[in-house]
1. List the number of the failed condition for Leu214; all other conditions in (1) modelled with pLDDT of 95 or more; (2) outside the structural domain of Ser148 (by TED's automatic domain parsing); (3) in contact with a helix residue (DSSP H, G or I) (Cβ under 6 Å, 6 or more places away or on another chain) hold.
2. List every residue pair whose Cβ atoms lie under 6 Å apart, where the two residues are 6 or more positions apart in sequence or sit on different chains, the first residue falls within the stretch 186-203 and is closer than 28 Å to Ile87 by Cβ, and the second residue, located anywhere, is buried (at least 21 other Cβ atoms within 10 Å of the Cβ) and β-branched (Val, Ile, Thr).
3. What's the number of the condition Ser90 fails, among (1) within 22 Å of Lys158 (Cα to Cα); (2) modelled with pLDDT of 80 or more; (3) crowded, with 16+ Cβ neighbours inside 10 Å?
4. Looking at the stretch 277-296, is at least one residue assigned to a loop (DSSP other than H, G, I, E, B) and under 21 Å from the mean Cα position of the chain (by Cα)?
5. Any idea how many residues of the stretch 108-157 are surrounded by fewer than 20 Cβ atoms within 10 Å (Cβ to Cβ), touching a helix residue (DSSP H, G or I) at 6+ places or on another chain (Cβ under 9 Å) and over 23 Å from Lys46 (Cβ atoms)?
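The values are calculated or read from the model by the stated rules, or taken from the named source; none is laboratory data. All values derive from a computational prediction rather than experimental measurement. Note that each Cβ is placed from the backbone with ideal geometry, even for glycine, and that neighbours are counted across all protein chains shown.
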Amino acid sequence: MPGESKTLFLFTAGYPYGTRDEPFLENEIEYLSESFNKVVIFPRHKPTNELRKTPENVFINDSIANADLTKKKRYFFFEFFFVLKIILKSAKSFKRIISFWKNYKLLLDIIAISIVHGKALQRELKNYDLENVVFYDYWFVNAIYSISYLKTKRKIQKFICRAHRYDIYEDNWPTINVSFFDHRIKVVDEVYFISKHGLEHIKNQTPERYIKKLKISYLGVKSPATNIQQNTKKEVFTIVSCARVVDFKRVHLIPSVLKGLSLKVKWVHFGDGPYFDELKQNIKKLPENIEVELMGHVSNKEVKKFYKKNKVDVLLSLSLSEGLPVSMMETLSYGIPIVAVDAGGVKEIVQSPSGLLVKSEATYVEITSILQSFLLNTELSKEGIIGFYEQNFNAEKNYKAFIKSIASC
């Protein structure tokens, strides 16, 4: 297997601690552990002390998460030339210079923390033979500054990262643009985008000499190996949604769509978030033909158990900002179609064999009409939906191809 004699250093936001951070890594980690001799995970923070189960050759290193941030000011001044290098590299346009001066305290703090993390990592790396280590940051803005600090110290040679949504789209950062892009694109060796939309977005701002670093690699989910049961005509339709209840996901506004349906509907939502209370208030305005079940935050395992035991007619998404949702891959693997607003890479998963794409400017009234027509008239078969999933988002196929690529870098 590719990489079987190598060690993988995997840098995450919080995985495998808790249940919220990077749930989609639960699929990938199995393939990584099978292909690398050892996998060492370096989370940036520990949201809880609860650990998710990982394979036997996967080890957790808390050196970054436990780093002493009280030293950041001292380290910042000791490493002034490293700081200056990042700033000058990324200050190549008037817009970015203005953005920096407006948010310089926050941006300098990002660098200072990264230096602390980099030094903690540098001390830890003395315990490893780095000759056959692949450095893999799961995000395009996570530990990348800390790893770039090590590259300036000539401690590592190459590293790769993935790019999802918040780490590439500027509209996800209300106060600043995604920080120090020019520095990040220079120091990383390969960037694997989870959607073609994300790759094209970054390609438009990437200098020509770095274009070859940009790659595409879809995430994937395992086949549930469940019996295919066709949904028949019914009196009650089941609609699901699965997302954090935050502003851009618009889960709290789904009642604005459902209230216009003349059908009997059961809506089941998985997820919580800052707009959860507003969602509860909006539910109270729904007519009697709409039944609602809010599941709150549950494990990915519980979501899949629901799909297996219940006949679901459609997954509904009103989100205005996406990478390429793993939640949608999972529903397709169970033969469940999708009705979703066109955002980010959603058009790459919601196509004619798998569901219906809604224009981003569609009103709630228009979405209501589209949804009701879809529920009553769709001719999509579960076999066809699962076939589309197998072709594009099968975990075994996608992750093995990804690992083959990174293990040879």
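1. Unmet for Leu214, out of (1) modelled with pLDDT of 95 or more; (2) outside the structural domain of Ser148 (by TED's automatic domain parsing); (3) in contact with a helix residue (DSSP H, G or I) (Cβ under 6 Å, 6 or more places away or on another chain): (2).
2. Listed pairs, sorted by first residue: Gly198/Ile168; Ile202/Ile168.
3. Here Ser90 meets the rest and fails (2).
4. Our first condition is that a residue be assigned to a loop (DSSP other than H, G, I, E, B); within the stretch 277-296, this holds for 284-289.
If we keep only those that are under 21 Å from the mean Cα position of the chain (by Cα) as well, we get none.
There is no residue in the stretch 277-296 that is assigned to a loop (DSSP other than H, G, I, E, B) and under 21 Å from the mean Cα position of the chain (by Cα).
5. The total comes to 7.
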